[in-house]
1. Which residues, counting only those in the stretch 255-288, are more than 17 Å from residue 236 (Cα to Cα) and touching a Cys at 6+ places or on another chain (Cβ under 6 Å)?
2. For the stretch 17-46, give me the residue count where each residue is open to solvent by 100 Å² or more (accessible area, probe 1.4 Å) and either in contact with a helix residue (DSSP H, G or I) (Cβ under 7 Å, 6 or more places away or on another chain) or modelled with pLDDT under 75 (or both).
3. Taking only the stretch 128-147 into account, find how many residues are touching a residue at least 24 places away in the same chain (Cβ under 8 Å), surrounded by fewer than 18 Cβ atoms within 10 Å (Cβ to Cβ), more than 30 Å from residue 288 (Cα to Cα) and not β-branched (Val, Ile, Thr).
4. Please state which of the following conditions residue 356 fails to meet, knowing it meets all the rest: (1) touching a residue at least 40 places away in the same chain (Cβ under 8 Å); (2) assigned to a helix (DSSP H, G or I); (3) within 21 Å of residue 516 (Cβ to Cβ).
5. Would you list the helices (runs of 4 or more DSSP H) that sit entirely within the stretch 369-486 and hold 2 or more residues that are open to solvent by less than 20 Å² (accessible area, probe 1.4 Å), of a type outside the set (Lys, Arg) and under 24 Å from residue 181 (Cβ atoms)?
6. Let me confirm something: among 72, 101, which residue is closer than 30 Å to residue 571 by Cβ, β-branched (Val, Ile, Thr) and modelled with pLDDT of 85 or more?
7. Taking residue 525 and the conditions (1) at pLDDT 90 or above; (2) farther than 25 Å from residue 264 by Cβ, which numbered condition does it fall short on, given that it satisfies the others?
8. In the stretch 159-185, which residues are over 13 Å from residue 273 (Cα atoms) and open to solvent by 40 Å² or more (accessible area, probe 1.4 Å)?
Amino acid sequence: MSELPYPPPEIVASQRRRAGFFSILMIILFGGLVLRLVYINTVMADRLCHIANTQYDSCARIPARRGSILDVRGRVLASSHMRHSVFADPGIIERPDLVAVELAPILEMAAGEIENAIRSSSAPRFCWLKRRVDDAQAEAVEDLNIRGVGMRCEFQRCWSMGTTAAHVLGFTGADGRGLEGLERVHNNYLAGTDGRRSILRDARRRPIGMGSDAIVNPTDGGHLVLTLDSVLQQMVEERLRRQIESFGAESGVAIVMSPVTGDVLAMASEPTFEPAKYREYKEDCLRNRAITDPVEPGSTFKPFIAAGALEGGYIDLREKIDCHNGLHYFGSRRMHDTKPHGLMDLRDIIVYSSNIGMGIIGTRMGNEALHQVVTRLGYGSPTQIGLPGESSGIVLPVSRWTSYSATSVPMGQELAVTPMQLATAFCAVVNGGYLVRPRVVRSMLTADYEVVESYEDPEIIRRVLRSSVARYMTEEVMPGVVERGGKELDVGEFTLCGKTGTAQVPYSPESGKRGYEPGAYLSSFIGAAPVDNPEIVVLVMIRKPEASRGHYGRYVAGPVVRDVVRAALHYLQIPSDHRVAQTN
C-alpha cells in the first residue's frame, strides 16, 4: 500500500498563515461588533430611544384660547373662537389628484392648488390644506373620511366691530401671534400657554391610544379692559371720515382724552382697515398716525408758549404788545399777520393768532427758555402710551437752534410733534398744570375675569404750570378763540376753549425738496369742555384738504371737534356749565 502524499512544507505554512489571518480578522470583526453593541447601548441609548418613541408616541398641541379685549364698559372688541383646520399627510396619500378633486368644492379651492400643496409639501408627513374653515365645511370633510386627510382645532381671532379702533387693537398673524397694536404689545399676556396630548401610534402612524404623558391642559390667556368707549370711538371715526370725504383730504386723526386721568376715550386714524383682512390693505392704512406721524403743529402750539411765558414771568397779564399792524421785521426776517393789529394783550394775541405777537414773546424768552418750555411739556419724548411705533417727535437740541428759532417755535415751526403729544400737553394746560401720562389700558384680567392689575389713579409725570397760569389760559384766553370762531365752534349748552391751527405741510424727505408744499395744509383744532371743569379734550387734525373746499382749521377741523364735544358730553351725561346757564 502506497503512502499518501503530504503537501510540501511551504504550502502548509501558507495555509496556516491564511487561516491565522482569517482568524484574526474574525476576532477583530467580532470585537468590533461587541464594541458597537456596547456603544449603542450606552452612548447612543438615549438618542435611539427618543427616535423610537417619536415613531409610536407623538404629541398633539392643545391650543390655549387667546384672551379678549374689552372696551371700558365691557363690550367685546376682540375675541377668539374655535375653528377646524384641514391638513394632509402626504406620506400616505397615494393619489393626490383624486383627493384634490373631492376636497376642492368643499374647501372652495382649485383642485390643482390642493394637489400642489400635497405634492410639494416641505414636510414629508404634514401640510396644511386650509386653515380655520367653517363648521359646515369641517363636517363635509369629515364625512368624506379620506385616508391621509384630517382636521385640527385652532382658534380664530375675531374683531367683532370691524374697523372700530383698528389701529389701537392691531391684528394677529396666521399663527395667532400679535403683530401690531395692543395685540402685539400684550401678546404674551393674551396668548396664554398651549397644552399637549400624548398619542400612541402604530407603524403606519395611526392613533391607537393615549401616550405615557397623557394630557397637559392649556392655560388660557388673560383679558384686557381698555379706556376706549366703543360708542364714542365709532362716533368719532364716522364724523372724522365724513369730514375727510367732504374736503377731499388725504388723511385725518382724532383723539378724545380725559384731561384728569389721561384715559384715551377714542383714538381714530383715517384711512383705516379691518384687522381680520389686514393683508388686503396698503401699509399706509395700517399706520396709527396719532402716535407715529410727527407734524408741524402750527398755531395750535401758541397757547403752550404763551403759558410758558406767563409761567416764566416774560409777560404780564395787563401788558399790551405792539403787533405793528400786521408787518414786522425781526432782524432780516419779515413776519406778517393775516390781519393788521396794533396793541394787543396776551389774550388777543392768542385769539387773533398773531404771529408777530408770538414772535416778540419768543425773542424775550430766548432759545434756552423756549427749549425748556417745549421739553418740559413732553415734546421730544414719547408719551409712553403703551402702543407700538410711537414717535418721539422732532425737537432739535438747543445747540442746533438758530436766531430764527425764537420766532419760529412760538408759531409751531422748526419742530414736529405727534397728535398724541399735542393732546397730552393740552391736557396739562386745562387740568390745572399737571402732565399726565396717557393710557389706553384700564385693567388686566385673568382668564376667569378676575382683576390682576387696575389703573384707576392717574400717573402724574410732573407739574408743568402753576394752577393760576393754567386756569387763566383755560378760562380767560382760549374761550375767546371759540367765541370768535362762530357757529363752526359753537357747542351750544357747553362752553368750549381751544385753539385753531392751519399749518403748511413740509415736503416729505423722500422728495428731496426743502420747504413747504404749495397749497398743502394741516387743518387742526384742539379744545376742551366744559371750561369750568374740563371733562374731555378733543383734537382733530385733517391733512391736505382740497384748497378749493377750504383749508383753515376753524372750518375744516373745528366742526368735527364741535360735534364730538357735544355728542360726547351728552353721552357721558355731563351737565352744562354755569357760564352758558348765566347767558341764557
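1. 259
2. Residues meeting the conditions: 1.
3. Selection size over the stretch 128-147: 6.
4. Status for residue 356: all satisfied but (1).
5. Where helices (runs of 4 or more DSSP H) fall fully within the stretch 369-486 and carry at least 2 residues being open to solvent by less than 20 Å² (accessible area, probe 1.4 Å), of a type outside the set (Lys, Arg) and under 24 Å from residue 181 (Cβ atoms), they are 419-430.
6. Criteria check complete, one pass: 72.
7. If we test residue 525 against (1) at pLDDT 90 or above; (2) farther than 25 Å from residue 264 by Cβ, just (2) comes out false.
8. 160, 174, 175, 177, 179, 184, 185
The values are calculated or read from the model by the stated rules, or taken from the named source; none is laboratory data. Keep in mind the model is a prediction, meaning the values are calculated, not measured. Reconstructed Cβ throughout: ideal geometry from the backbone, glycine too, with neighbour counts over all protein chains shown. Calculation scope for accessible area: heavy atoms of the full protein, side chains included, ligands and nucleic acids excluded. Shrake-Rupley method; radii C 1.70, N 1.55, O 1.52, S 1.80 Å.
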